[in-house]
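Have a look at the structure below before the remarks.
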Amino acid sequence: MNEKNKSQSNKFRFIGLIAIVALVTVLVTALLMNIAERKYEGQKPYVRLVEVGENDTDPAKWGVNWPKQYDSYKRTAITTRTQFGGHGGSEALPEEKIDRDPWLKRMFQGYAFSIDYRDRRGHAYMLDDQEQTKRLTKPQTGACLNCHVSIMPIYRDLGNGDAMLGYEKAHKFSYQELSAKLHESGHAHTVTCSDCHDPATMQLRVTRPPFIKSIAELAASDAPVPAIPSIERWRQNNMNIPYNPNKDSTRNEMRSFVCAQCHVEYYCSSKMPLTLPWSKGLKAEDLEKFWNDTRFPDGKRFFDYVQKETGAEILKAQHPEFELWSQGVHARSGVSCADCHMPYMRDGATKISDHWVRSPLLNVDRACQTCHHLPEKEILERVQVIQKRNYELMQRGGVAIEAMLDAIVALKKAGVSETDLAPVLELQRKAQWRLDYIAAENSMGFHAPQEAARILAEGIDYARQGQAMAATLTKKPVDISNQTPSPKQ
Ligand code: HEC
Ligand code: HEC
Ligand code: HEC
Ligand code: HEC
Ligand code: HEC
């Protein structure tokens with residue numbers, strides 16, 4: 001090939017290349033435009049007919065703009081039932097947990113939970129059920145309302161516009177005082193749209209001051225939090241400004257954070273502002289350490305109540321769904337609360353989130369089969385195996401706790417010194433915390449099966465250690481006559 005021919009063929013090759021690049025560009029642009037359009041459709045499937053703002057706590061008003069979400073939200077009033085969950089119902093109050101499991105009632109002797117402690121039900125009932133519980137026959141604080149009502153306007157009011165300040169004052173009001181304020185103000189609605197959505201943009205957001213405060217404390221600790229990658233990123237970059245979930249987290253994390261405003265362990269009394277115990281990490285023993293290191297204003301070590309039979313200072317666990325979820329494989333794989341409890345449903349060309357928050361077992365096709373390509377029956381069986389194992393281990397825990405309580409009562413009858421009794425009561429505190437933690441968590445072990453089993457096993461071990469120590473001090477052999485649960489359920 002001579003020089004001229006060579007440059008000629010290079011020229012053709014160059015033109016050819018330009019043509020190909022141009023064609024590819026056109027195709028890619030067309031594809032991107034199509035995707036963008038679809039995304040836009042997906043994001044803006046509504047027309048704003050009415051303006052909504054921070055003080056619009058009535059969900060019906062929001063329902064004018066977003067009727068599909070509002071319709072599904074209202075369905076939380078419908079009766080549902082599964083074997084271990086979903087006790088929603090409009091007919092009557094749900095079943096008493098303390099009647100079903102008498103060892104629970106015994107553990108709670110000396111505390112309002114031994115009077116009335118029921119199954120949960122749908123979000124539509126959260127205020128009614130709180131107002132009706134016989135636990136209110138004992139003095140309770142206004143801070144109880146934090147998780148049972150659209151409280152934000154009240155907090156802003158108490159804090160002269162500053163909700164954080166308002167929250168810090170709320171615990172000093174009695175339940176009845178703050179409840180009266182709430183009903184007068186017209187904000188007596190259950191969890192509402194503005195609790196999870198910014199009214200201007202509809203983006204997810206968190207509003208509850210204790211959550212915002214405590215997740216920042218968790219971030220500032222050095223506890224590993226693999227389930228919340230934005231905290232790990234924040235730790236590497238800007239530790240001088242507190243972690244702000246509304247700025248620093250991902251959209252996917254927000255799909256769990258909105259629920260973690262309430263489905264968490266807490267302490268709520270007139271003695272201090274509502275507290276979430278996360279500054280040492282999210283595992284059961286991190287929470288326990290937080291409480292053990294907490295002092296009341298009078299300097300005494302923290303406890304929820306004194307167990308009546310033994311005098312032990314006990315920690316009561318409350319629905320640690322967020323904490324247990326954070327220790328499981330779903331959280332680790334980025335599967336959020338909303339993925340299972342608010343799955344997408346088709347609405348013409350768009351997808352909307354099902355606001356009928358309920359047991360995902362009533363919804364396996366949308367809640368699980370999007371990821372698990374298994375028949376529904378198979379998925380339900382897997383859940384049942386997990387829950388049944390958890391249930392049986394928990395019942396063993398109940399037997400162990402009662403054996404320990406019997407042994408401590410016998411020890412006290414035998415007349416033991418305070419000094420000898422103290423380490424036994426410490427074991428009771430540890431055992432009850434662990435058993436109660438899994439009993440109070442609402443997934444019957446599903447949110448993190450291995451972690452739940454670990455916590456129960458530790459609880460059983462501490463209960464038996466307590467029993468053995470009490471028997472030794474009483475100078476009686478350990479009573480092994482009643483060691484297995486009677487078959488039930
Ligand atoms: C991988 C799916 C999945 C994820 C993620 C998940 N859950 Fe669940 N959750 C379940 C299943 C399954 C149950 C058991 C339901 C039953 O027994 O009917 C359950 C039970 C519950 C219950 C009790 C439900 C009832 O009907 O009584 C609550 C409350 C709950 N989860 C809250 C949460 C919160 C809060 C999060 C996030 C921190 C979360 N869940 C994350 C699947 C999930
Ligand atoms: C941090 C949030 C939070 C606070 C604070 C809170 N609750 Fe709840 N409450 C929940 C959640 C979540 C449930 C549903 C899960 C469950 O029942 O375990 C619930 C369930 C209940 C129920 C129905 C089931 C039962 O236990 O009988 C009653 C009644 C109740 N709460 C009363 C109270 C009272 C009284 C207070 C104040 C001492 C209070 N709550 C404070 C979050 C909270
Ligand atoms: C403002 C506090 C609050 C928020 C936020 C909240 N919950 Fe609840 N949730 C409650 C309370 C309180 C109950 C118990 C109501 C009752 O028993 O009357 C409850 C009950 C439930 C139940 C039981 C339903 C049934 O039919 O038995 C599920 C499941 C649940 N919540 C999941 C979630 C999920 C998932 C999120 C986040 C998308 C969430 N919750 C956000 C307070 C809250
Ligand atoms: C407990 C928290 C919570 C409450 C209360 C809540 N939402 Fe949502 N909402 C969510 C979550 C989670 C999503 C999914 C958002 C995402 O993934 O970006 C969502 C999504 C939406 C979207 C976007 C489209 C879609 O369906 O995914 C709209 C619109 C919406 N909600 C309207 C409402 C309205 C109206 C109310 C009150 C009637 C309401 N929401 C109450 C948690 C909540
Ligand atoms: C967004 C995706 C996603 C959704 C939705 C989802 N899962 Fe999973 N699931 C996973 C991933 C990822 C794992 C980790 C193991 C793996 O890689 O297969 C897993 C693991 C499991 C396991 C075994 C691990 C364990 O904890 O014992 C079970 C059982 C399970 N899922 C059940 C369910 C059920 C039931 C639902 C619906 C309520 C559900 N999953 C919803 C993604 C999902």
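Read the figures in this text as sums done on the coordinates, not as results from a lab. Small disclaimer: the values here were computed from a predicted structure and weren't measured. With ideal geometry, Cβ positions are generated from the backbone for all residues, glycine too; neighbour counts draw on all protein chains shown.
Some observations on this one:
- Total charge dipole magnitude, the range 61-341, about the Cα centre, Cβ charges on Lys, Arg, Asp, Glu only, Debye to nearest 20: 120 debye
- Sequence-distant lysines (8 or more away, or on other chains) whose Cα lies within less than 24 Å of Lys280: Lys213, Lys247, Lys271, Lys289, Lys300, Lys316, Lys430
- Cα pair count fraction exceeding 28 Å, expressed as % - the range 133-282: 22 percent
- Stokes-Einstein diffusion for the range 61-341 at 20 °C, viscosity 1.002 mPa s, with a Kirkwood radius from C-alpha pairs, works out to 106 µm²/s.
- With K and R counted +1 and D and E -1, the other residues having a Cβ less than 15 Å from that of Asp116 yield a net charge of +2.
- Summed residue charge, Cβ within 14 Å of Glu451's Cβ, Lys/Arg positive, Asp/Glu negative: -1
- With the gyration tensor restricted to C-alpha atoms of the range 376-474, the semi-axes of the equivalent ellipsoid amount to 33, 11, 8 Å, longest first.
- The calculated FRET efficiency for Ser270 paired with Ala77, based on their beta-carbon distance and R0 = 30 Å, is about 0.40.
- Here the Kirkwood formula, the inverse mean of 1/r across different C-alpha pairs, assigns the chain a hydrodynamic radius of 25.3 Å.
- Axis angle, to the nearest 10 degrees, between helix 209-220 and the longest C-alpha principal axis of the chain: 80 degrees.
- Applying 0.36 nm per residue to the separation of Ala220 and His183 and subtracting their alpha-carbon distance, the gain on full extension is 9.5 nm.
- Distance between modelled label sites at Lys413 and Met164, nm, 7 Å Cα→Cβ extension: 5.5 nm
- Computed from the C-beta positions of Glu232 and Gln369 and an R0 of 30 Å, the FRET efficiency is 0.45 to the nearest 0.05.
- Where labels lie 7 Å past Cα in the beta-carbon direction, separation of Arg346 and Lys308 in nm: 5.7 nm
- Sum of side-chain charges, Glu177 neighbourhood, beta-carbon under 12 Å (Lys, Arg +1; Asp, Glu -1): +2
- Rounded to the nearest 10 degrees, the inclination of helix 251-260 to the longest alpha-carbon principal axis of the chain is 20 degrees.
- FRET efficiency, Leu380 to Asp298 (Cβ-Cβ, R0 60 Å, nearest 0.05): 0.70
- Between the helical axis of 376-413 and the longest alpha-carbon principal axis of the chain there is an angle of about 30 degrees.
- Unit charges on C-beta of K, R, D, E only; dipole of the range 261-361, Debye: 100 debye
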